[in-house]
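The values are calculated or read from the model by the stated rules, or taken from the named source; none is laboratory data. Everything numeric here is computed off the predicted structure, so don't read it as measured data. In this analysis, Cβ positions are derived from the backbone assuming ideal geometry, glycine residues included, and neighbour counts consider all displayed protein chains.
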Amino acid sequence: MEKNTLFDKIWDTHVVKSVPAGPDVFFIDKHFIHEVTSPVAFLNLEKRGIGVKYPHRTIATPDHNVPTVDQDQTIKDKLSRMQVEKLRENCAKYDIELHDLGSAHHGIVHVIGPELGVTQPGMTIVCGDSHTSTHGAFGAIAFGIGTSEVEMVLATQCIMQSKAKKMRISVEGTLGKGVTSKDIILYIISKISAAGATGYFVEYAGSAIQSLSMEARMTICNMSIEMGARGGLIAPDETTFAYLQGKQYAPKGADWEKAVAYWKTLKTDDGAIFDKELVFEAADIEPMITYGTNPGMGIKVSGNIPTTQGMEGSNKNSYLKSLDYMGFAPGEAVKGKLVDYVFVGSCTNGRIEDIRAVAQFVKGHQKAENITAWIVPGSREVEKMAHEEGLVKILEDAGFELRQPGCSACLAMNDDKIPAGKYAVSTSNRNFEGRQGPGARTMLASPLTVAAVAITGRITDPREVF
Amino acid sequence: MAYDKFTILKSKAVPLPTENVDTDQIIPARFLKATEREGFGDNLFRDWRYDVEGNLKKDFVLNDPTYSGKILVAGKNFGSGSSREHAVWALYDYGFRCVVSSFFADIFKNNCLNIGVLPVTISAEFADTLFAAIAADPTTTVEINLPQQTITLLATGASESFDINEYKKDNMQHGFDDIDYLINMSAEIEGFAASR
């Protein structure tokens, strides 16, 4: 019998047709849209005089440009307001389910999909957002697409895609104290570089991955794109089923039993062949932080920035340009450096478990005077739980400012921006130049490291504080 | 929407050897707020082209009158990060019809092909040859021949072939897009959808 990977099993059952010497016509089960990458797709549908083929397969929410204060009021920024209003208009016109600002399930698209139980094993899921890879944590093929492809999905529920190569990354063993799933993925990217998985779809496996919660798995799959991968996925197991059971859109009753029986078949066969396999030891992973301007530029918090030894030409120039932007020198330590902002949130680490972790660590402490601390729940549901569990009080007592759900300071297209030249230690996913605001200097880390930095005001290894 | 046909392009080229240029550099998120596709070229490489006061940064290649053309020759791992198609719209709107690099990020490359900007992947050695030739003579002409799948420095004849799948090549040469193809097979897709 043919041995298949999890990726093959899902991909092959979604191919409507293979174009000779071309891509596959690939069927999409679920499509998420938001206000930024959808308006031109809808506009083009109108120009072509066609509609949305399967509206019930698309779900919408505004998240990228929304303010994170006063969400019950009209959006002040005119262009942001227009985009959000356009989304409302389009959803009403084409009968698409919208989780609008202020509604019970509003939030970042990659947080609400799993929360609602829309995201399920075996599905194909796309969204005009590269962090769609998040949904792969459920054993789904999920990836980001461009606006032309958003238009294709709306019009036909298919896109034209060439099948990616397959990579398996296994992390074996037990994670040390103070080491989180964010550290796992920052470690992997630092080892293989920001382009190390380009052309591949990655399956994460191994005992360290299997031991993780769904929230932690989502953090890993979320950042697959930061090493260039088309997406990442993890075989569904009891942890997955337990998370989904009872969720709004999860199957119920006999359908549930049937679904679970199918989901249990969604794993890579023993002996299946990957184009590339990598194995890491969990014990080698320490709390991580980035020092440069792409997510591959990461080191352990207690480490030193690499020197330029062995680099030459444009490689060396690009490296020095990056360090110059960050205000760092080759070879120096990052620990102890002063920080101005901390940000907890985003589709990477804006879930309830992340907020719990930060609250648990800062309880009874005060943020340092030099720190502005923002905590932004990924959704209304997360916000509600944080209030109910008393986490908001703990965080506010520690000097954190709780804001309303949205992408917030992850990408500087709303009001939450880090000022030029300032250092932000952030739980988000990208440390690109200007990502958090023009001139802003971003260092990516786990919620625990961010909590430690908030308290000390400096780059700090969380294991030394708590 | 259907786009410009692409067959043979002869043009000067603009060099940008920086590696890992992500789509946030090509167009920062704060300029993604339009609900139409026009006008993104003004903000192409915004924070590298302008300082915070909006003054031109003279040392950036797009602000250097020495260089111009419809071809951008970029460093390794070009277009990483965000899936924003706006990055390609900005390149197109500015006037680029072809981007050349030794390594492209996947989603960016797809987005290019979907709107008719040709991504040409070359070897690292040929990238070095191109950068050196453009540095020596900024008016040097580069020929992109899609039917032959070749990129050539006309002055020296130095040339390399590049890959593109037949389907996408045909689309580029005729200015077709994927939606035309998908709509033509809607009966087949409907049958598939009904089985799910």
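Scan segment A:342-363 and give yes if some residue there is over 25 Å from A:His64 (Cβ atoms), assigned to a loop (DSSP other than H, G, I, E, B) and not hydrophobic (A, V, I, L, M, F, W, C), otherwise no.
Yes: segment A:342-363 contains one or more residues that are over 25 Å from A:His64 (Cβ atoms), assigned to a loop (DSSP other than H, G, I, E, B) and not hydrophobic (A, V, I, L, M, F, W, C).
State the number of residues belonging to segment A:102-117 that are surrounded by fewer than 21 Cβ atoms within 10 Å (Cβ to Cβ) and either closer than 23 Å to A:Lys264 by Cα or at pLDDT 95 or above (or both).
Final tally of qualifying residues: 5.
Which one of these is more than 9 Å from chain A (Cβ to nearest Cβ) and on the phi < 0 side of the Ramachandran plot: B:Lys58, B:Lys33, B:Lys76?
Only one candidate qualifies: B:Lys58.
Restricting attention to segment A:158-177, which residues are more than 10 Å from chain B (Cβ to nearest Cβ) and part of a loop (DSSP other than H, G, I, E, B)?
A:Lys163, A:Gly173, A:Thr174, A:Leu175, A:Gly176, A:Lys177
Residues are listed down the side, and each one gets a yes or a no for (1) of a type in the set (Val, Ile, Thr); (2) surrounded by 23 or more Cβ atoms within 10 Å (Cβ to Cβ); (3) more than 13 Å from every other protein chain (Cβ to nearest Cβ):
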position: B:Val100; (1), (2), (3): yes, yes, yes
position: B:Lys109; (1), (2), (3): no, no, no
position: B:Asn114; (1), (2), (3): no, yes, no
position: B:Thr121; (1), (2), (3): yes, no, no
position: B:Ala124; (1), (2), (3): no, no, no
position: B:Ala127; (1), (2), (3): no, yes, no
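Being within 7 Å of another protein chain (Cβ to nearest Cβ) and in contact (Cβ under 8 Å) with a residue 60 or more places away in the chain is the filter here; which residues of segment B:10-29 pass it?
Passing the criteria: B:Pro17, B:Asn20, B:Asp22.
Which residue pairs have Cβ atoms under 8 Å apart, sit 6 or more places apart or on different chains, and have a first residue in segment A:190-201 that is β-branched (Val, Ile, Thr) and a second that is assigned to a loop (DSSP other than H, G, I, E, B)?
Final answer for the pair search is A:Ile192/A:Gly296; A:Thr198/A:Gly228; A:Thr198/A:Ala229; A:Thr198/B:Asn77; A:Thr198/B:Phe103; A:Thr198/B:Ala105.
Can you find, within segment A:16-28, the residue that is surrounded by the most Cβ atoms within 10 Å (Cβ to Cβ) among those that are farther than 14 Å from B:Gly191 by Cα and facing chain B (nearest Cβ under 7 Å)?
Here the residue is A:Pro23.
Out of segment B:152-188, which residues are of a type in the set (A, V, I, L, M), touching a strand residue (DSSP E or B) at 6+ places or on another chain (Cβ under 9 Å) and under 21 Å from A:Ala21 (Cβ atoms)?
Those that are of a type in the set (A, V, I, L, M), touching a strand residue (DSSP E or B) at 6+ places or on another chain (Cβ under 9 Å) and under 21 Å from A:Ala21 (Cβ atoms): B:Ile164, B:Met172, B:Leu182, B:Met185.
Would you kindly identify the strands (runs of 3 or more DSSP E) lying entirely within segment B:137-196 that contain at least 1 residues that are within 10 Å of chain A (Cβ to nearest Cβ) and modelled with pLDDT of 95 or more?
Passing ranges: none, list empty.
If I ask for residues that are within 13 Å of chain B (Cβ to nearest Cβ) and closer than 23 Å to A:Gly228 by Cα, which ones from segment A:418-436 would you list?
The answer is A:Ser428, A:Asn429, A:Arg430, A:Asn431, A:Phe432, A:Glu433, A:Gly434, A:Arg435, A:Gln436.
Which condition from (1) farther than 20 Å from B:Leu16 by Cβ; (2) in contact (Cβ under 8 Å) with a residue 60 or more places away in the chain; (3) not β-branched (Val, Ile, Thr) is the one that B:Ala194 breaks?
(2)
Among the residues that make up segment B:21-31, is at least one of them in contact with a His (Cβ under 6 Å, 6 or more places away or on another chain) and under 26 Å from B:Ala124 (Cα atoms)?
Scanning segment B:21-31 turns up at least one residue that is in contact with a His (Cβ under 6 Å, 6 or more places away or on another chain) and under 26 Å from B:Ala124 (Cα atoms).
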